[in-house]
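Each remark here refers to the structure printed beneath this line.
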Amino acid sequence: EEKIELLREAGSMYIERSSNQAEAIKVFEQVLEYAPQDLEAIEKLKEMYEKRRDWESLIAVMDREAQMLDPADRPLRYVEMAELATKRIRKPDTVIPLWEKVLDAEPGHPEALEALSQLYERAREWEKLAKVLETLTDADPDPKMLQKLGSIYADKIGYDAGAVRAFTKLLTINPDDRRAQEQLKRRYVSLKAWDELTEFYGSQDKWSELIRVLERQADAKETEPDERVDLLFRAARLWIDQEGKPER
């Protein structure tokens, strides 16, 4: 306690008598080593870091202060830190964790989701971006965002089930979206979801196109014999029941 008082006095003298902020910062940082929750030292450091435009150090002190707040009050402070980092630092490695803290404290925070969707895309963090877009499209099923989400699952992550989910949702909003239709067909084939593929083509009464897909897949080199038999039986039933051409 005596050390803390002496350091506080020294820090105040550096600021008031000699305007030596560099030494004052060292002294108040020492105070925090002995008393991590010393509010006077935190306030002095915040003021000096802001004057010196040392944004990373300022955010670090604000983070220390945030840990002392009631959990219910932390999201506002995290938003303040994240906004400051976005404007002043602009380094994804620094900014992303701050917005993630906002989401940890308040899942579904609109500003954090919007900011992270842009940051994750720039950083090519596809899985994290997909998770954010899932949350955004659950709240607001925007067609452009669903198209983007489906493409990320299909082309960047290789998660066909996620792509199917996104494109299916998109088609419930816009049934005539050709790109979504084509993507959904490809994902069903990739997943070998033949029943779902049949239902999809059947809803459009495109039986001959479905038969071509099934026969082409049956002839593919990578298709196993058991699966080839199943595909050929499916195609045969469609020739009989839908096309009325049993000779085929």
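Quick notes
- As a summary of the residue check, Met68 satisfies the conditions (1) among the hydrophobic types (A, V, I, L, M, F, W, C); (2) under 21 Å from Ala105 (Cβ atoms); (3) touching a Gly at 6+ places or on another chain (Cβ under 6 Å) except for the one numbered (3).
- The conditions of being charged (D, E, K, R) and surrounded by fewer than 17 Cβ atoms within 10 Å (Cβ to Cβ) are met by Arg124.
- Sub-9 Å Cβ pairs linking a first residue in region 88-113 that is on the phi > 0 side of the Ramachandran plot to a second residue that is among the small types (Gly, Ala, Ser), at least 6 apart or interchain, are Gly108/Ala139, ordered by first then second residue.
- The numbered conditions (1) open to solvent by less than 30 Å² (accessible area, probe 1.4 Å); (2) among the charged types (D, E, K, R); (3) not in a helix (DSSP H, G or I) are all true for Arg90 except (1).
- Members of region 136-190 found to be among the β-branched types (Val, Ile, Thr) and crowded, with 18+ Cβ neighbours inside 10 Å, listed by number: Thr137, Ile152, Val164
- If the condition is being under 20 Å from Tyr159 (Cβ atoms) and hydroxyl-bearing (Ser, Thr, Tyr), then region 179-236 contributes Tyr188, Ser190.
- Hits in region 102-118 (condition: open to solvent by less than 60 Å² (accessible area, probe 1.4 Å), farther than 21 Å from Gly158 by Cα and in a helix (DSSP H, G or I)): Val102, Leu103, Ala105, Ala112, Leu113, Ala115, Leu116
- The lone exception for Tyr14 - which of (1) in a loop (DSSP other than H, G, I, E, B); (2) at pLDDT 90 or above; (3) of a type in the set (Ser, Thr, Tyr) it fails: (1)
Residue-by-condition table, conditions (1) in contact (Cβ under 8 Å) with a residue 24 or more places away in the chain; (2) among the polar types (S, T, N, Q); (3) closer than 25 Å to Leu116 by Cα; (4) in contact with a helix residue (DSSP H, G or I) (Cβ under 9 Å, 6 or more places away or on another chain):
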position: Glu16; (1), (2), (3), (4): no, no, no, no
position: Asn20; (1), (2), (3), (4): no, yes, no, yes
position: Val27; (1), (2), (3), (4): no, no, no, yes
position: Gln30; (1), (2), (3), (4): no, yes, no, yes
position: Pro36; (1), (2), (3), (4): yes, no, no, yes
position: Ala41; (1), (2), (3), (4): yes, no, no, yes
position: Asp54; (1), (2), (3), (4): no, no, yes, yes
position: Arg64; (1), (2), (3), (4): yes, no, yes, yes
position: Met68; (1), (2), (3), (4): yes, no, no, yes
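- Of the candidates Leu149, Leu170, Leu103, the single residue that is at pLDDT 95 or above and under 15 Å from the mean Cα position of the chain (by Cα) is Leu149.
- Among residues that are open to solvent by less than 80 Å² (accessible area, probe 1.4 Å) and either within 29 Å of Ile152 (Cα to Cα) or in contact (Cβ under 8 Å) with a residue 40 or more places away in the chain (or both), Glu243 is not included.
The values are calculated or read from the model by the stated rules, or taken from the named source; none is laboratory data. Keep in mind that this is a model prediction, so the values were computed, not measured. No Cβ is skipped: glycine too gets one built from the backbone with ideal geometry, and neighbour counts run over all protein chains shown. Calculation scope for accessible area: heavy atoms of the full protein, side chains included, ligands and nucleic acids excluded. Shrake-Rupley method; radii C 1.70, N 1.55, O 1.52, S 1.80 Å.
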